[in-house]
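No lab work stands behind these numbers, since they all come straight from the coordinates. This is a predicted model, so every value here is computed, not measured. Every residue, glycine among them, receives a Cβ derived from its backbone with ideal geometry; neighbour counts consider all protein chains shown.
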Amino acid sequence: MARKLTKHVNRKCSIVRFPHDKVPATLVPYLSLDDTREEAMNALITQARTDADMTNSKCAYRDTDPEAELICSLFESTPALEEPPAARRSRDIDTAATSLSR
């Protein structure tokens, strides 16, 4: 998909694959996006944390690895998150519930 998109961008584009671990067999049953069980969400969150740790670790090699430099630069240029998404979502749900109850 990324290669196809780069054909439509009028500038130099690099495709960088973020580091990730192989999906363990125990995670396969939870890969359906329709699976909303807490057990499934926890399994996917655990895998995401593992992959995020691998990506963050790659920054240690930014002086010798051009992809690591790109990833670290991307992270450093991202604005700080002032409010976690879960807190915003919870606040938005509370606001919507309050307005519905009026």
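Give me SER73, SER32 sorted ascending by neighbouring Cβ count inside 10 Å, so fewest comes first. Could you put the intermediate results ahead of the total?
Working: SER73 12, SER32 9.
Fewest-to-most ranking of SER73, SER32: SER32, SER73.
At a 4.7 angstrom Cβ threshold, list every cysteine in the chain that has nobody to pair with, or say none.
For the chain, the answer is CYS13, because their Cβ atoms have no other cysteine Cβ under 4.7 Å.
What is the fewest-to-most order of GLU76, GLU69 by other Cβ atoms lying within 10 Å of their Cβ?
Placing the least packed residue first, the sequence is GLU76, GLU69.
Which value at 222 nm does the chain reach when only helices count, each DSSP H run of 4 or more adding -39,500 (n - 2.57), with the total divided by all residues and rounded to the nearest 500 deg cm²/dmol? Let's see the in-between values first.
Details: 4 runs with 54 residues, N = 102.
One gets -17000 deg cm²/dmol as the mean residue ellipticity at 222 nm.
Full-extension gain between ALA2 and PHE75, please, as 0.36 nm times their residue separation minus the C-alpha to C-alpha distance.
Gain in length upon complete extension: 24.3 nm.
Identify which of LEU27, LEU81, LEU44 has the largest mean-square fluctuation in a Gaussian network model of the chain, with springs joining Cα atoms closer than 10 Å.
Maximum among the listed residues: LEU81.
Take the chain, connect every pair of alpha-carbon atoms lying under 10 Å apart with a spring to form a Gaussian network, then pick out the residue of PRO24, PRO66, PRO84 with the largest mean-square fluctuation.
Ranking PRO24, PRO66, PRO84 by mean-square fluctuation puts PRO84 first.
Report the full-extension gain for the segment ALA86 to ASP51: residue separation times 0.36 nm, less the Cα-Cα distance, to one decimal in nm.
10.6 nm
Mind checking which aspartates and glutamates have their C-alpha under 12 Å from LYS22, skipping anything on the same chain fewer than 8 residues away?
List returned: ASP51.
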